[in-house]
Amino acid sequence: MDLRVDQPHSARMYDYYLGGKDNFPADREAAEQAIAAFPNAPLAARQNRAFLVRAARYLAAEVGIRQFLDVGTGIPTSPNLHEVVQDVAPDARVVYADNDPIVPV
Ligand SMILES: C[S@@+](CC[C@H](N)C(=O)[O-])C[C@H]1O[C@@H](n2cnc3c(N)ncnc32)[C@H](O)[C@@H]1O
């Protein structure tokens, strides 16, 4: 697959907002332009991620959920959903799904 790393990609821009390493100069340049218009973009991405972690941990630890379907996984980032839920429930299972071919699921 041609990843077209010379062109910005929203998933890699999101990775950049999160401080990830799976992004390229074109992604970083576009992300910085977005940040110039919306300075809270990195904060919003990190808060989105933090909510995911809190909600998933609660569902695994307090509600007893053992099967998770992560639709719109995005580029893997730490902690990934399976790391969060298996930390409190090692028997929890996660299926990742994303409609973007650059996302490895
Ligand atoms: C901003 S990322 C979110 C990543 C992660 N879920 C998070 O909260 O940090 C959104 C992801 O949703 C995926 N997506 C958007 N529409 C989708 C659809 N209809 N089916 C599956 N994945 C989808 C995109 O490809 C992208 O990877």
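Could you list, in sequence order, the residues of the stretch 55-74 that are among the small types (Gly, Ala, Ser) and under 15 Å from the mean Cα position of the chain (by Cα)?
Selection gives Ala55, Ala56, Gly72, Gly74.
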* To do: Only residues that are within 12 Å of the ligand (Cβ to nearest atom) and either touching a Phe, Trp or Tyr at 6+ places or on another chain (Cβ under 6 Å) or of a type in the set (Lys, Arg) (or both): list them for the stretch 1-30, please.
  => Arg12
* Inspect all residues belonging to the stretch 41-53 and state whether any of them is among the basic types (Lys, Arg) and within 12 Å of Tyr16 (Cα to Cα). => yes
* Asked: How many of the residues in the stretch 64-105 are more than 9 Å from the ligand (Cβ to nearest atom), buried (at least 17 other Cβ atoms within 10 Å of the Cβ) and among the β-branched types (Val, Ile, Thr)?
  -> 3
* Asked: Among the helices (runs of 4 or more DSSP H) confined wholly to the chain, which include 1 or more residues that are modelled with pLDDT under 95?
  -> 10-17
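The values are calculated or read from the model by the stated rules, or taken from the named source; none is laboratory data. This is a predicted model, so every value here is computed, not measured. Positions of Cβ are backbone-derived with ideal geometry, glycine not excepted, and every protein chain shown enters the neighbour counts.
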